[in-house]
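Q: Okay, handing you the structure first.
Read-outs: derived from the displayed coordinates by stated rules, not from any lab. All figures in this text were calculated on a predicted structure; none of them were measured in a lab. Cβ placement follows ideal geometry from the backbone for every residue including glycine, while neighbour counts extend to all protein chains displayed.
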Amino acid sequence: MRYEQTIRTPVECHGIGLHSGAPVTLRILPAPAGSGIVFRRVDLEGFTVEAVSRNVARVSYATSLMKKGVLISTTEHLLSAFVGLGIDNAVVELDNLELPILDGSALPFTRMVEKAGIRRQRRPRTYLRIRRKLELREGDKFIAVYPADEYSVAYTINFRHPLVGRERFEVELSNGQYLREIAAARTFGFREDEQAMRNMGLIRGASRENCIALTEDGIENPPLRFSDEFVRHKVLDLIGDLALLGKQILGSVVADRAGHAMHTALVSRLLKESDLWEETTREDVEPAHSDEAYSLPGYRAQ
């Protein structure tokens with residue numbers, strides 16, 4: 001069978017929140033099999049918030065979790081990295097309300113996991129295998145999941161900007177594809193929207209070091225890491241949001257101009273309609289007690 005995984009040793013980083021601008025220290029610690037991803041606010045006497053659908057709070061410009069009034073903000077990049085690397089169980093400690101944005105991608109988080117190492121655990125990993133399609137529409141926005149033997153994501157975006165326009169990217173989350181094709185894609189924003197967002201109390205920590213800044217007809221901080229980095233980042237976000245299912249899926253996800261709210265709406269509908277999926281494990285010849293550190297490949301710029 002294929003088994004759950006955690007990290008081998010604790011690892012930490014420091015940064016600021018994208019929206020709050022607040023300084024934060026984040027630590028990732030190993031966790032027992034079957035415990036999932038759990039956030040712990042060490043500044044609030046160790047209060048814990050599980051990374052599951054029932055705790056989803058705000059989903060406008062970032063995906064946040066809330067439990068009994070305690071907020072964990074902008075979780076999607078770290079959760080995406082965990083899915084991409086096959087990390088099922090971890091405790092994530094932070095001393096403020098928002099995760100650090102770092103360079104705006106999931107790459108720093110994957111490097112943290114590489115530094116810590118990955119440990120295979122004794123518990124067989126359980127997947128949600130999609131049995132019937134589920135499609136959601138909202139105006140020109142669309143998201144769906146279909147039966148498939150592997151986990152794949154296809155995303156389409158369409159922005160009225162000469163460097164973006166209509167982009168589509170598809171990836172299967174196997175054989176290191178996440179690390180090569182998705183992890184390094186950074187978040188992006190439009191200068192024309194900046195003041196309105198700041199007036200809403202957002203992007204207080206945004207800078208050229210952690211966000212692709214798009215002007216009316218160009219980019220302030222080139223070069224791009226991929227020619228289609230914008231849509232790849234949307235794929236990154238979607239993978240992180242779908243991590244709130246609590247299990248990895250076996251299915252094909254298709255999205256068109258969806259966004260965080262639709263991502264998490266898909267999660268909610270899937271969990272409510274249990275006839276759409278079945279729990280399953282996979283056969284694997286590797287022993288349950290193996291303990292192995294992996295070397296993670298870098299990304300491929302295009």
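Q: Which whole number in µm²/s is D for the chain by Stokes-Einstein, with the Kirkwood Rh taken over Cα pairs at 4 °C and 1.567 mPa s?
A: Details: Rh = 19.5 Å.
Roughly 67 µm²/s, to the nearest whole number.
Q: Please identify the helices of the chain, taking whole runs of DSSP H, that span at least 30 Å along their own axis as judged from the Cα atoms and have a mean Kyte-Doolittle score of 0.0 or higher.
A: none
Q: Another question about this same structure. Using a Förster radius of 45 Å, what is the FRET efficiency between ARG122 and ASP217 based on their Cβ-Cβ separation? Nearest 0.05, please.
A: Values: r = 56 Å, r/R0 = 1.24.
E between ARG122 and ASP217, to the nearest 0.05, is 0.20.
Q: Tell me, what is the FRET efficiency for GLU12 and SER207 to the nearest 0.05, using R0 = 22 angstrom and their Cβ-Cβ distance as r?
A: Once the sixth-power term is evaluated, E becomes 0.50.
Q: What are the equivalent ellipsoid semi-axes of the range 1-158, built from the alpha-carbon gyration tensor (square roots of five times its eigenvalues), in whole angstrom, biggest first? Walk me through the intermediate numbers first.
A: On the way: eigenvalues 129, 95, 46 Å².
So the equivalent ellipsoid measures 25, 22, 15 Å along its semi-axes.
Q: Give me the three principal axis extents of the range 35-125 from the C-alpha atoms, as integers in angstrom, largest value leading.
A: Its Cα atoms span 34, 30, 23 Å along the three principal axes.
Q: Count the DSSP beta bridges whose two residues both fall in the chain, then state the antiparallel fraction as a percent rounded to the nearest 5.
A: Working: 48 of 64 bridges.
About 75 percent, rounded to the nearest 5.
Q: Over the Cα atoms of the range 81-157, what radius of gyration and what Dmax do you get, in Å?
A: Considering the range 81-157 through its Cα atoms, Rg and Dmax are 16.7, 45 Å.
Q: Based on the alpha carbon coordinates of the range 83-230, what radius of gyration and maximum Cα-Cα distance (Dmax) apply, in Å?
A: Using the Cα atoms of the range 83-230, the pair Rg, Dmax is 18.1, 53 Å.
Q: Would you mind putting 193-201, 253-261, 150-158, 177-185 in packing order, based on average other-beta-carbon counts within 10 Å, highest first?
A: Numbers: 193-201: 11.3, 253-261: 20.6, 150-158: 19.0, 177-185: 22.7.
The densest-packed peptide leads the list: 177-185, 253-261, 150-158, 193-201.
Q: Counting only other residues whose beta carbon sits under 13 Å from that of THR74, what net charge do I get with K and R as +1, D and E as -1? Please report the intermediate quantities before stating the final value.
A: Working: positive: ARG58, ARG204; negative: GLU76, GLU98, ASP237, ASP241.
Every neighbour counted, the sum reads -2.
Q: A further question follows. Counting Lys and Arg as +1 and Asp and Glu as -1, each charge on the Cβ, what is the dipole of the range 50-149 about the Cα centre in debye, to the nearest 20?
A: Numbers: 17 positive and 12 negative charges, 138 e Å.
My answer is approximately 660 debye.
Q: Continuing with the same structure: In percent, what relative contact order does the chain have, based on Cα pairs under 8 Å that are 6 or more apart in sequence? Intermediate results must be reported in sequence, preceding the final value.
A: Working: 726 pairs, mean separation 82.9, N = 302.
Over the chain, the number comes to 27 percent.
Q: If we sort 213-220, 84-91, 10-17 on the protection proxy, mean other Cβ atoms within 10 Å, highest first, what's the order?
A: Working: 213-220: 13.2, 84-91: 22.4, 10-17: 16.9.
In decreasing order of mean packing, 213-220, 84-91, 10-17 become 84-91, 10-17, 213-220.
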